[in-house]
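Contents: one structure, followed by commentary.
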Amino acid sequence: MKYFITTYGCQMNVHESEKIAGMLVDIGYESASSVEDADVIVFNTCCIRDTAEKRAYGNIGALKSLKRANPDKIIAVVGCMTQQKGGAEALSLKFPFVDIILGTNSLDKLPILVQDKRSRRASIAVSEDPTVDLGLELPIYRTSGTNAWINIMYGCNNFCTYCIVPYVRGRERSRSISDVIRDVKQVLSEGYKEITLLGQNVDSYGNDLKDGTSFAALLKEISSLPGKFRLRFMTSHPKDFSREVVDVIAASRNICHNIHLPIQSGSNEILRRMNRKYTVEQYLEIVDYIKEKMPDVGITSDIMIGFPGETEEDFLSTCDLVRKVRFSNAFTFVYSPRKGTPAANMEQIPADIKKSRITRLVNLQNDITKELSDEYLGKVYEILVEDVNPKYPGTVCGRTDSGRLVTIKGETSLIGSFIDVKITKSRSASLFGEILSKGE
Ligand code: SAH
Ligand code: SF4
Ligand code: F3S
């Protein structure tokens with residue numbers, strides 16, 4: 001029996017799909033190469049933007065005839081779309097051929113529902129109880145090569161006015177430091193060379209445990225574990241990202257100098273109405289401190305245009321900030337109204353203005369990314385070889401400590417090893433190099 005999983009959304013979802021795969025492998029399933037080849041088809045959905053929802057709707061809808069021809073195939077829809085108010089009901093009305101609908105707090109029910117045809121019928125299990133956290137102890141079938149994702153916390157307390165995440169993921173719940181360390185030791189013993197700690201706001205890790213645990217303390221403890229490995233984390237929130245964390249990273253031998261610090265907007269008025277709880281000046285202060293402690297750092301960001309009420313002046317302030325910080329890369333988004341969030345009821349910006357702003361922002365960031373890429377030329381960096389680069393036959397690729405992707409000529413046997421590479425060519429965000437020496 002085989003399964004096929006389609007994942008939308010963030011790393012949190014990517015990792016949850018590894019847990020879904022783990023549960024299915026546990027009951028005897030193996031991975032299929034296509035939906036046609038699969039007995040169980042799972043859609044792990046995201047509702048952060050309209051585009052993510054539309055894509056899922058399109059792909060689920062496309063399975064109607066496959067299901068009609070093969071009624072024994074099991075189709076499951078899980079993830080954030082099902083956790084929206086009325087979301088599960090809307091999905092089951094729109095797609096009556098879907099067998100299983102499960103919320104993010106009920107994922108552990110999947111194996112039983114897959115195995116037991118009777119309980120499967122019209123099964124919708126979506127728990128709104130944010131204190132329920134059933135996803136903690138699930139078996140994991142890791143699919144991310146040299147990198148292992150590890151959740152350190154779930155949920156979000158911030159309620160940025162544009163964002164649906166706190167409504168679908170509930171309040172912040174930190175895992176205990178001992179559970180996290182146990183998982184880290186486990187993946188290191190399995191040979192993973194990179195660990196990425198996951199949470200919507202990792203800097204508030206431990207706040208709910210009320211025992212003095214902090215993100216800085218967690219980082220320190222993990223980074224002092226023996227062996228050669230890299231430690232990454234995401235996502236940080238500028239209002240909580242502390243100097244103490246910067247100091248821990250700067251003093252460590254293995255926490256990557258690559259910080260993802262979403263700014264969202266460069267206008268204080270927009271940041272206020274987004275409920276982000278920091279100002280542009282405070283953001284720049286943290287960035288200055290990071291750059292002072294780690295001159296080789298790669299800072300990346302999320303930037304949104306078209307938030308309700310954003311004026312041309314606000315937008316130009318965002319461009320100014322992008323020029324000041326010089327992000328090594330940025331994820332740029334067009335604001336998408338989310339039902340039930342405060343910003344959805346504010347006056348919206350016309351689509352043509354949004355289009356013009358996103359184009360200008362993307363061009364600006366591309367220019368900066370390209371300029372920063374050129375600065376790598378001729379220098380030597382250690383990279384962790386992660387995969388083949390399918391675009392260029394006979395090559396493999398990996399990232400610098402600062403998070404830049406480098407492609408080199410080489411054999412797949414290099415995957416999983418650290419090597420020194422001299423950068424010989426840059427093409428916008430991509431770097432190309434040659435091997436100088438093979439490390440560990
Ligand atoms: N917890 C993280 C990431 C959340 S989602 C953080 O606070 O930064 C990832 C990104 O999606 C956000 O940083 C934001 O830029 C974007 N996003 C969230 N809601 C959105 C919406 N309604 N429309 C467009 N982009 C959105
Ligand atoms: Fe959404 Fe804000 Fe929470 Fe990030 S911090 S998940 S943007 S509410
Ligand atoms: Fe999307 Fe849910 Fe992540 S809404 S961005 S998959 S937490």
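Assorted remarks:
- Solvent-accessible surface of segment 380-438, taken per residue with a 1.4 Å probe and all protein chains present: 49 Å².
- Equivalent ellipsoid semi-axes, segment 141-193, via Cα gyration tensor eigenvalues times 5, rooted, Å: 28, 14, 7
- Highest-first arrangement of 282-288, 185-191, where packing means the average Cβ count within 10 Å: 282-288, 185-191
- Per-residue ellipticity at 222 nm computed for the chain from its helices equals -10000 deg cm²/dmol, with DSSP H segments shorter than 4 residues left out and the rest contributing -39,500 (n - 2.57).
- Taking only the alpha carbons of the chain, we obtain Rg and Dmax values of 22.3, 64 Å in that order.
- Projecting the Cα atoms of L377, I177, M81 onto the charge dipole of the chain (Cβ charges, centred on the Cα centre) puts M81 farthest toward the positive pole.
- Across the chain, the mean sequence separation of Cα contacts (distance under 8 Å, 6 or more residues apart), normalised by length, yields a relative contact order of 10 percent.
- For segment 380-438: rounded, prolate or oblate by the Cα gyration tensor [a/c cutoff 1.5]: rounded
- Farthest toward the positive end of the dipole of the chain, out of V35, L321, M304, is the Cα of V35, where the dipole comes from beta carbon charges about the Cα centre.
- Only the Cβ atoms of Lys and Arg (+1) and of Asp and Glu (-1) were treated as charged; on that basis the dipole of the chain about its Cα centre amounts to roughly 800 debye.
- Antiparallel content of DSSP bridges confined to the chain, in %, to 5: 35 percent
- Amide H to amide H, with H built 1.01 Å from N, N258 comes under 5 Å of G298, counting only residues 5 or more places away or on other chains.
- Segment R253-E36, extension gain: residue separation times 0.36 nm, minus the distance between their alpha carbons: 73.4 nm
- Residue-wise HN-Hα coupling along segment 419-431, computed from phi with Karplus coefficients 6.51, -1.76, 1.60 (Hz; x: Gly, Pro): 9, 8, 10, 9, 7, 10, 8, 10, 9, 6, 7, 9, 10
- One Cα centroid belongs to segment 305-348, the other to segment 150-164; the line between them spans 19 Å.
- Solvent-accessible surface of segment 220-323, taken per residue with a 1.4 Å probe and all protein chains present: 39 Å².
- For the chain, built as a Gaussian network whose Cα springs stay under 10 Å, the top-fluctuating residue of E382, E194, E172: E382
- On segment 138-198, 55 percent of the accessible area sits on carbon and sulfur atoms, based on a 1.4 Å probe.
- Amide H to amide H distances under 5 Å link E194 with A148, R230, where only residues 5 or more positions off or on other chains count and H is placed in the peptide plane.
- Derived scalar couplings between HN and Hα for segment 163-174 equal 9, 8, 3, x, 7, 9, 10, x, 6, 5, 10, 8 Hz in order, rounded to whole Hz, by the Karplus curve 6.51 cos²θ - 1.76 cosθ + 1.60 (θ = phi - 60°), x for Gly and Pro.
- Working ranking of peptides 109-115, 197-203 by packing, defined as the average number of other Cβ atoms within 10 Å per residue, highest first, is 197-203, 109-115.
- Database remark: amide H of V42 closer than 5 angstrom to the amide H of F4, I5, T6, A76 (H placed geometrically; neighbours at sequence offset of 5 or more, or on other chains; Pro and chain starts carry no H).
- Working note: Karplus 6.51/-1.76/1.60 with θ = phi - 60° gives segment 233-238 the couplings 7, 6, 10, 8, 10, x Hz, where Gly and Pro are set to x.
- Kirkwood Rh and Cα Rg combined as Rg/Rh, segment 170-231: 0.97
- Accessible area per residue, Å², segment 1-116 with all protein chains present, probe 1.4 Å: 41 Å²
- Per-q log10 I(q)/I(0), segment 144-256, q = 0.11, 0.18, 0.20 Å⁻¹ (Debye; single scatterer per alpha-carbon; no solvent): -0.34, -0.90, -1.09
- Segment 189-244-segment 51-74 distance, computed between alpha-carbon centres (Å): 38 Å
- Highest to lowest packing among 14-22, 236-244, scored as the average C-beta count within 10 Å: 14-22, 236-244
- Once both labels are positioned 7 Å from their Cα atoms along Cα-to-Cβ, the gap between D367 and S176 label points is 5.4 nm.
- When the Cα positions of L431, I415, G398 are compared along the charge dipole of segment 380-438, L431 comes out farthest toward the positive end, with charges on each C-beta of Lys, Arg, Asp and Glu.
- Across segment 2-125, the convex hull enclosing all Cα atoms gives 94 Å³ per residue.
- Pairs from K277/K354; K220/K293; K54/K354; K2/K54; K193/K324 whose Cα-Cα separation, in the structure shown, is over 22 Å: K277/K354; K2/K54; K193/K324
The values are calculated or read from the model by the stated rules, or taken from the named source; none is laboratory data. Remember, predicted model here, so these are calculated numbers, not experimental data. In this analysis, Cβ positions are derived from the backbone assuming ideal geometry, glycine residues included, and neighbour counts consider all displayed protein chains. Calculation scope for accessible area: heavy atoms of the full protein, side chains included, ligands and nucleic acids excluded. Shrake-Rupley method; radii C 1.70, N 1.55, O 1.52, S 1.80 Å.
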